[in-house]
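A single structure is presented below for examination.
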Amino acid sequence: MDRNQIHTQLLALLTGVAPDIDPDTVDPVRNLRDQFDFDSMDALHFAVAVSETFGIEIAETDAAALANLQSAEQFVEQRLLSKART
């Protein structure tokens, strides 16, 4: 899965968790909480959706990696690469 596919899937998951988010307005480097009414429950649901969709473990200490779209893409990409190597 390439970065573009990860980006597209993450946007779909994000709008699934918070349907009021327009995917065309997401600033990939800005914190989701700062951009939208994205609270801690939204963040938890997003983390669970990411974990289930990509089949990767997300520890509580990794939550900051999902704070914005760009870091989430990098996190997922790295986890998928690590998973493929094992």
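The values are calculated or read from the model by the stated rules, or taken from the named source; none is laboratory data. Computed from a predicted model, the values in this text were never measured in an experiment. No Cβ is skipped: glycine too gets one built from the backbone with ideal geometry, and neighbour counts run over all protein chains shown.
Scanning for something more than 13 Å from the chain's Cα centre (by Cα) and surrounded by fewer than 17 Cβ atoms within 10 Å (Cβ to Cβ), does the stretch 12-19 turn up at least one residue?
Within the stretch 12-19, one or more residues are more than 13 Å from the chain's Cα centre (by Cα) and surrounded by fewer than 17 Cβ atoms within 10 Å (Cβ to Cβ).
Please find, within the stretch 45-69, the residue that is farthest from Gln5 (Cα to Cα) out of those that are of a type outside the set (Gly, Ala, Ser), at pLDDT 95 or above and surrounded by fewer than 14 Cβ atoms within 10 Å (Cβ to Cβ).
Looking at residues that are of a type outside the set (Gly, Ala, Ser), at pLDDT 95 or above and surrounded by fewer than 14 Cβ atoms within 10 Å (Cβ to Cβ), I get Val48.
To continue, here is another question. Which residue pairs have Cβ atoms under 6 Å apart, sit 6 or more places apart or on different chains, and have a first residue in the stretch 47-73 that is of a type outside the set (D, E, K, R) and a second that is part of a loop (DSSP other than H, G, I, E, B) and surrounded by 15 or more Cβ atoms within 10 Å (Cβ to Cβ)?
Final answer for the pair search is Ala47/Ile58; Ser51/Ile58; Leu69/Val26.
Counting only residues that are touching a Pro at 6+ places or on another chain (Cβ under 6 Å) and not polar (S, T, N, Q), how many does the stretch 3-35 have?
1
Within the stretch 20-44, how many residues are loosely packed, with under 13 Cβ neighbours inside 10 Å, of a type in the set (A, V, I, L, M, F, W, C) and part of a loop (DSSP other than H, G, I, E, B)?
The total comes to 1.
Among (1) in contact with a Ser or Thr (Cβ under 7 Å, 6 or more places away or on another chain); (2) at pLDDT 95 or above, where does Ile21 come up short?
(2)
Moving on to the next point. Between residues in the stretch 16-30 that are among the charged types (D, E, K, R) and residues that are in a loop (DSSP other than H, G, I, E, B), which pairs lie under 7 Å by C-beta distance while being six or more apart or on different chains?
Within 7 Å, the pairs are Arg30/Asn68.
Return the total of residues in the stretch 75-86 being exposed (fewer than 14 other Cβ atoms within 10 Å of the Cβ) and at pLDDT 95 or above.
Going through the stretch 75-86 one residue at a time, the tally reaches 1.
OK, next. So which residues in the stretch 13-66 are touching a helix residue (DSSP H, G or I) at 6+ places or on another chain (Cβ under 7 Å) and farther than 22 Å from Glu77 by Cα, if there are any at all?
Result: Ala18, Ile21, Phe38.
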